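In what follows, a structure is listed as structure tokens, so that the remarks can point back to it.
What follows draws every value from the coordinates through simple rules; no lab data is involved. Values in this document were obtained by computation on a predicted structure and should not be read as measured data. Here the Cβ positions follow ideal geometry from the backbone for every residue, glycine too, while neighbour counts run over all protein chains shown.
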């Protein structure tokens with residue numbers, strides 16, 4: 001996905017930590033889970049682990065150990081333990097009619113990284129995607145808890161539409177997204193035009209399509225972009241309109257992208 005092993009470790013750690021932040025929790029500790037080929041330079045593994053450990057440290061936690069095995073394909077991740085008071089837990093369900101929907105990171109990681117594998121990317125576009133993936137969701141989660149957000153999830157493998165379907169269903173509301181408000185990483189739309197979509201895009205569309213309606217003016221290209229999986233994406237937060245500014249001012253990249261409305265659990269993009 002990326003050339004720098006340190007970045008790979010940092011991205012993997014930020015992605016693993018995101019599940020804790022999506023519930024509004026604080027990270028306590030993590031353990032490394034590693035598979036690494038015998039023929040590769042161990043210095044590469046050292047940089048991967050360093051990237052992960054420094055990202056965990058940034059979260060205010062520690063790596064307390066781990067497990068490693070020999071494998072032909074390098075793999076790295078973390079098992080993370082966190083803490084939160086039960087009454088403060090943020091769940092996918094709970095969005096209220098009238099809530100605004102805030103997205104805290106731009107979309108398009110899956111398209112940029114697929115384009116990278118096909119050697120289609122510009123260096124600055126890859127750097128923007130890597131920086132986005134490495135950024136923790138910690139500040140966004142803390143802001144959401146502080147304003148008592150109604151519901152929250154992180155945007156990862158199911159893409160924006162898949163994860164928002166889960167939120168809408170759990171809250172028994174409909175979500176409306178404004179296409180023009182949705183942010184994309186630099187180069188993402190252009191790489192989509194080049195057809196750089198991962199296989200997960202089609203699987204997400206097949207699984208969730210019955211719950212999603214696109215307006216007549218939404219281009220097919222953007223429909224595909226919204227089905228595309230993300231890695232270490234941002235948080236999607238449902239919050240009362242009067243509380244939105246607290247999150248928007250705390251997280252520079254956050255934007256209001258839609259709202260929760262009455263209706264059967266479904267997603268509309270207009």
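A few notes on this one:
- Spin-label zone in segment 40-60 - amide nitrogen under 15 Å from a point set 7 Å from the Cα of residue 72 along the C-beta vector: 40
- When each of the peptides 229-238, 66-75 is scored by how many other beta carbons lie within 10 Å of its residues on average, the order from highest to lowest is 229-238, 66-75.
- Only DSSP H runs of four or more residues enter the estimate; each adds -39500 (n - 2.57), and after division by the residues of the chain the mean residue ellipticity at 222 nm equals -12000 deg cm²/dmol.
- Whole-number percent relative contact order across segment 5-87, with pairs defined as alpha carbons under 8 Å at least 6 apart: 49 percent
- Percentage relative contact order, segment 90-269, counting C-alpha pairs under 8 Å, at least six apart: 47 percent
- Isotropically averaged projected area of segment 86-203, using the convex hull of Cα atoms (one quarter of hull area), nm²: 8.3 nm²
- Distance (nanometres) between label positions extended 7 Å along Cα→Cβ at residue 44 and residue 117: 1.7 nm
- Distance between segment 7-47 and segment 99-148 - C-alpha centres, whole angstrom: 17 Å
- Cα centroid of segment 74-94 to Cα centroid of segment 164-218, whole Å: 24 Å
- When the chain is reduced to its Cα atoms, the Kirkwood hydrodynamic radius in Å: 18.9 Å
- DSSP bridge pairs, segment 5-87: antiparallel proportion in percent, nearest 5: 55 percent
- DSSP-defined beta bridges in the chain - what % are antiparallel, rounded to 5: 65 percent
- Using only alpha-carbon positions in segment 5-87, the gyration tensor eigenvalues give semi-axes of 26, 11, 10 Å once each is multiplied by 5 and square-rooted (largest first).
- Fraction of the pair-distance distribution of segment 192-270 above 19 Å, Cα-Cα pairs, percent: 52 percent
- Pairwise FRET efficiency - residue 170 versus residue 270, Cβ, R0 = 30 Å, nearest 0.05: 0.85
- Segment 130-169 - Rg and Dmax from Cα coordinates, angstrom: 11.7, 32
- Relative intensity, log₁₀ I(q)/I(0), of segment 122-270 from a Debye sum that treats every alpha carbon as a point, q = 0.13 Å⁻¹: -0.59
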